[in-house]
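Below: the structure, in structure tokens.
Read the figures in this text as sums done on the coordinates, not as results from a lab. Nothing here was measured: the structure is a model prediction, and the numbers come from that model. Neighbour counts are summed over all protein chains in view; Cβ atoms, including those assigned to glycine, are modelled from backbone coordinates with ideal geometry.
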Amino acid sequence: MTADHEVAMPRRAADLARAGSAAMPSRRLLASWRRSEEYGVSAEAVDPVWAGSSAPDSLFFQCGHEVLSSLHRTLADEPLSLMLTDAEGLVLNRFSGDTSLLRALDRVHLAPGFAFSEREAGTNGLGLALADRAPSLVRAEEHYSASLGVYTCAAVPVIDPVDGRLEGCINITTWSHSSAGLLLALAESAASTTTALMVARSTGRMPRPPSRGGVFRVQRIRLEPAAGTIRSMSAPWTRALDAATAALLSGRVVAAVGEPGSGRATLLGQALRRAHPRIRVLSADVPASQDVEAWLSLWTPELAKPDTVVVVENVDRLPAWAAHEVRQRAMAARAAGPQASQGAPGWALTAADGDALPPPLHPLVETVISVEPLRERPDDVLALAHWAAHQTRTREVGFTPAAERALLAHDWPGNVDELVRVIHDAARRSETIDVRDLPPAFSTPGGRTLSKLEALERDEIVRALSRDGVSVAEAAAELGVSRATLYRKLRYYAVSRPR
């Protein structure tokens, strides 16, 4: 715990100490109480913040609503309230069969249409889960507002399985005198089921692998796409790279912002190599919330080392308490003197956008560079595809014209990360990459969006035709259609027949 934590004990902690509470509040709870004080939240009652009640048209809401509806039917007689919130703490829906609990929650405005994040209601289960992006259980006396002291709340954040964005949370509230032993496990199960349902219904979207929070040294050749086979990049990339290089040359702290997988950290790495060729560059990607403390201990000491720059990736996914820790340690390193003899800043960072930078870190960023998504940089698609294929085979790999057209027509929701995965898999199967070596989504007729039924039918056709040695007649028999019908479907979906 830092000196800042020790000196500025939140008023809520002091109140508990005077009341004779023997339990030591957790680090997360202390940080949340402090934020509640800084937000100016009343310690007596929750001031209502009405934001309007409307069902959002999102995959998260549809799946979460379905999961909570089903769970409510099982737990209708229990003194529980099940809720879905968005990423800002707005309560989207609420299920409960306990009318007395519902009336009580209405009195503290924990109801659809009201905002209940830490900023509006102080420390509470859903507010803490959203702030720290981690499962949270807040019991009676742990709430910041005294009006919430009769409740226990368990909440678990729901993360988009494709792009890692915080969608909202599952919150379960009960009376404080009720048993809370399984409350958090129940919320975790509901959140996990919601995520699984989102994956199942995300046609054509591939789940993003969870970050392990790796901390590693960025090598000059192996990890930089612009080295080796890529001789030039598109104008949008080059402009962003030049702007980042100029800012780093002047010693400014730079944030590269854009969609996950668009190449934000790569751009910073290349700019650092151009601006300060001899420095040591480390990458530190934010891990799962339970691993953040160990992750911080790995790389924050590097901030004070000479000729070292740390690229901290995805800072918008940092728990709120960790963002405060990073700020304290970065400021301490800066106060100790220049981190690099060449005038390089001690660190750089990436985030989804400038507004997503955690409030404690926002004032430390001096330059924000936008990195456009891959769909806005079509000139980079084929260059990166050839590079990825070369990295897989360690030699040049050919592409048919049909494959190149399919790659250029794709909208790349996963950006460069998705392209590298797709090409890596294709290059492992073929010396010359064709459309049939790409995932089924690349065979969409005319580039239009297929319905769910069409996508399922197309995928089944591709699966049946992908087996070694299978003929069209055999595939038609397996699918239960005539050979003429299968040929017609092949033309409709623009699926290449096996040679």
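What FRET efficiency would be calculated for the residue pair E431, E141, taking the C-beta separation as r and a Förster radius of 60 Å, to the nearest 0.05?
Working from the Cβ atoms, E equals 0.35.
Give the relative contact order (percent, whole number) for the chain; include only Cα pairs under 8 Å separated by 6+ residues.
That works out to 11 percent.
Once label points are set 7 Å from the Cα along Cα→Cβ at both S178 and T394, what is their separation, rounded to one decimal in nm?
6.1 nm
What ranking of M233, M331, M83 emerges when the number of other C-beta atoms within 10 Å of each C-beta is taken as an exposure proxy, fewest first?
M331, M233, M83
Using 0.36 nm times the number of residues separating S42 and A332, minus their current alpha carbon distance, what extension gain do you get?
Net length gain for the segment: 101.2 nm.
Can you tell me the Rg and the Dmax, both Å, for the Cα atoms in the chain?
For the chain, the Cα radius of gyration and maximum Cα-Cα distance read 26.1, 83 Å.
Just to be sure I understand the model, the point goes 7 Å from the Cα along the line to the Cβ. What's the resulting H424 to E293 distance in nm?
3.2 nm
What distance in nm separates the two pseudo spin-label positions at S192 and L456, each 7 Å out from Cα along the beta-carbon direction?
2.6 nm
Compute the signed sum of charges (Lys and Arg +1, Asp and Glu -1) over the other residues within less than 14 Å, Cβ to Cβ, of A344. Before the final figure, lay out each step's value.
Working: positive: R252, R273, R274, R278, R280, K305, R334; negative: E302, D307, E366.
Every neighbour counted, the sum reads +4.
Which ordering of H65, H276 is given by a fewest-first count of other beta-carbon atoms within 10 Å? Could the numbers behind the result be given before it?
Values: H65 16, H276 22.
In order of increasing Cβ crowding within 10 Å: H65, H276.
Expressed as a fraction of 2.2 N^0.38 Å, the rule-of-thumb size for a compact globular protein of N residues, what is the C-alpha radius of gyration of the range 376-493?
For the range 376-493, the normalised Cα radius of gyration is 1.13.
Rounded to two decimals, what is the ratio between the C-alpha radius of gyration of the range 79-176 and 2.2 N^0.38 Å? Spell out each step's value before the answer.
Details: Rg = 12.3 Å, N = 98, 2.2 N^0.38 = 12.6 Å.
Normalised Cα radius of gyration, the range 79-176: 0.98.
Per 0.36 nm of contour for each residue apart, how much would the distance between W50 and S482 grow if the chain were fully extended, relative to their Cα-Cα spacing? Write down the numbers at each step before the final one.
On the way: separation 432, 0.36 × 432 = 155.52 nm, distance 5.90 nm.
149.6 nm is the gain from fully extending W50 to S482.
Treating each Cα of the range 289-398 as an identical point scatterer and ignoring solvent, apply the Debye formula and state log10 I(q)/I(0) at q = 0.12 Å⁻¹.
These q points yield log10 I(q)/I(0) values of -0.58.
Going by how many other Cβ atoms sit within 10 Å of their own, how do I279, I461, I433, I172 line up, fewest first?
In order of increasing Cβ crowding within 10 Å: I279, I461, I433, I172.
Is it possible to state the helix-based mean residue ellipticity at 222 nm for the chain, with each DSSP H run of 4+ residues giving -39500 (n - 2.57), the sum divided by total residues, to the nearest 500 deg cm²/dmol? What is it?
That calculation yields -12500 deg cm²/dmol at 222 nm.
Return one quarter of the surface area of the convex hull spanned by the alpha-carbon atoms of the range 3-200, equal to its mean projected area, in nm².
Mean projected area for the range 3-200: 11.3 nm², to one decimal.
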